[in-house]
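Throughout, read-outs are computed from the coordinates displayed, never taken from laboratory work. The structure displayed is predicted, hence computed values, not measured ones. Here the Cβ is made from the backbone with ideal geometry for all residues, glycine too, and neighbour counts use every protein chain on show.
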Amino acid sequence: MSIPSILLSLLGLALCALVEAHSGKSTYYPPRAKCVEYLIPVSVSTPVLVWNTTKWEDNYGLVDYVSVDSTRVDAGFPGPVTTSPEPYTGSFKVAATFCTPKHPKNGREKTVLLASHGLGFDRGYWNSAYEPEKYNFVQFAIDQGYSVFFYDRIGTGKSSIGLSGFVNQGAIQVKVLGSLASLVKSGKYTSSIGTPKSLVLVGHSFGSFISNALVAESPKSADAVILTGIAYAGVAATTNEAFDLHVASLQNPRKWSNRDPGYVTWGDVYANINTFFKKPLYTVGAVEFTDATKQPFAIAELVTVGLLNFDASKFTGPALYLNGEFDFLICGGYCPGVADQPARTFFSGSRNFQTRIQPNTGHGLNFHKNAIDSYTIITDFLQSTGF
Ligand SMILES: *[C@@H]1O[C@H](CO)[C@@H](O)[C@H](O)[C@H]1NC(C)=O
């Protein structure tokens, strides 16, 4: 090896180390929290929808799928999954973090917020290592006295990633969340606080849809729900096109060669902005952080999430819907007018149902400049409803 090539290799190593550090691999913990890591075995058994069109191997196949999927219904193209479900059983390991205040106040630490992230993230969505005083939900909630349990959904982060992206779907993720909810409720995986007094499901986007579906299926599984970045009536026809989807293992083999081609990711930082952010309501630094730490998602998650059952009218606890005013992904760029119904009907049994539109925010609420205002709405709602 010549001297210049050794220098280049060293530079390469240093750059890799920088990227690793930047991509959140060195775990951040809020300073006033005690945090514990868990790896939790979970088995699920549920009906699933089966992929019933070509499974692509490359980006040519993927873009053709997106094009067919985004074509006006008049063309009569068949849907990508079967309409009748089939039985499925699987076992996974779920990587999770439980944080509780170092100095508890008012017994509030006995209320555990169980947070489910959306597509394109892992549990780091809730626990930003980037400017945590501005963007870290866990840190904010801890400082309000709450405990937080947050986890990598199957297919992301340090949880099991072996399930095919053509199979990993809404119904499976609802069952995983249901298992976690009952384990946490029973005082497992809650470190020093023992059995919680109450359990609150908190979601973002896909994480909100599965939280909604869980209390629809099992109304007693939580005491309150906070759903952010969720609506049912306003999704634009161009949503999936706007992602500029790529096969994840081809885009970044170093990180994702262990996932099958059913795992996809957006094309670049501008596709990330196009779907999750609204100018000038973000900083480039925050966007670049989310892009450097992004996670692939399963195409079957995207396809099946809208097919879950959201009628949670048997759920009686408080429910808050919190949406960004300029959310492209679930409101076609503007939430007022499409965020209240049918949410209100789905939660007609709730003893306190509220929808809030957070001004000056897009879909990725936790990484817009006013993220703290969203967090404040959430904890104010919890306090006003007795948690
Ligand atoms: C699978 O797709 C084919 C072709 O579109 C269709 O004829 C068939 O009914 C589908 N199967 C199921 C079980 O939905």
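Of note:
- Residues Trp256, Trp266, ranked from the fewest to the most other C-beta atoms within 10 Å, line up as Trp256, Trp266.
- Exceedance of the 19 Å cut-off in Cα-Cα distance is limited, within the set Lys34/Lys188; Lys93/Lys175; Lys255/Lys294; Lys175/Lys220; Lys55/Lys158; Lys134/Lys255, to Lys55/Lys158; Lys134/Lys255.
- Couplings 3J(HN,Hα) for segment 82-91, derived from phi with the Karplus relation 6.51 cos²θ - 1.76 cosθ + 1.60 (θ = phi - 60°), are 5, 8, 9, x, 10, x, 9, 10, x, 10 Hz, where x marks Gly and Pro.
- Total formal charge among the other residues, if their Cβ is under 13 angstrom from that of Cys335, Lys/Arg +1 and Asp/Glu -1: -1
- Gaussian network model of the chain, Cα within-10 Å springs - most flexible of Ala343, Ala233, Ala224: Ala233
- The Kirkwood radius of segment 84-167, taken over pairs of alpha-carbon atoms, gives through the Stokes-Einstein law at 4 °C and 1.567 mPa s a diffusion coefficient of 90 µm² s⁻¹.
- Beta-bridge orientation, the chain: approximately 50 percent antiparallel, per DSSP, counting only bridges with both partners inside.
- From least to most packed, judged by other beta carbons within 10 angstrom and beginning with the fewest, Leu365, Leu245 follow the order Leu245, Leu365.
- Ordering His103, His246, His204 from the fewest to the most neighbouring beta carbons within 10 Å gives His103, His246, His204.
- Candidates Val50, Val73, Val112, ranked by Gaussian network fluctuation over the chain, Cα under 10 Å, top entry: Val73
- Length-normalised contact order for the chain - Cα pairs under 8 Å, 6+ apart - percent: 18
- Residues whose amide H comes within less than 5 Å of that of Ser198, counting only those at least five positions distant or on another chain, are Thr111, Val112 (H built at 1.01 Å from N in the peptide plane).
- For the chain, built as a Gaussian network whose Cα springs stay under 10 Å, the top-fluctuating residue of Leu114, Leu302, Leu201: Leu302
- Euclidean distance of C-alpha centroids, segment 156-189 and segment 44-68, integer Å: 21
- ³J(HN,Hα), Karplus 6.51/-1.76/1.60, whole Hz, each residue of segment 178-191, x for Gly, Pro: x, 5, 4, 4, 6, 5, 5, 4, 7, x, 7, 6, 10, 5
- Computed as a quarter of the hull surface, the mean projected area of the alpha carbon convex hull for the chain stands at 19.8 nm².
- Long-range HN-HN contacts of Gln358 with modeled amide H, under 5 Å: Asn323, Gly324, Glu325
- All aspartates and glutamates inside 19 Å of Lys314 as judged from Cα atoms, apart from same-chain residues fewer than 8 positions distant: Glu217, Asp223, Asp340
- Residues whose placed amide H lies under 5 Å from that of Ile40, excluding near-sequence neighbours: Val94, Ala95, Ala96
- Over the chain, dividing the summed -39,500 (n - 2.57) contributions of all DSSP H runs of at least 4 residues by the number of residues returns a 222 nm mean residue ellipticity of -9000 deg cm²/dmol.
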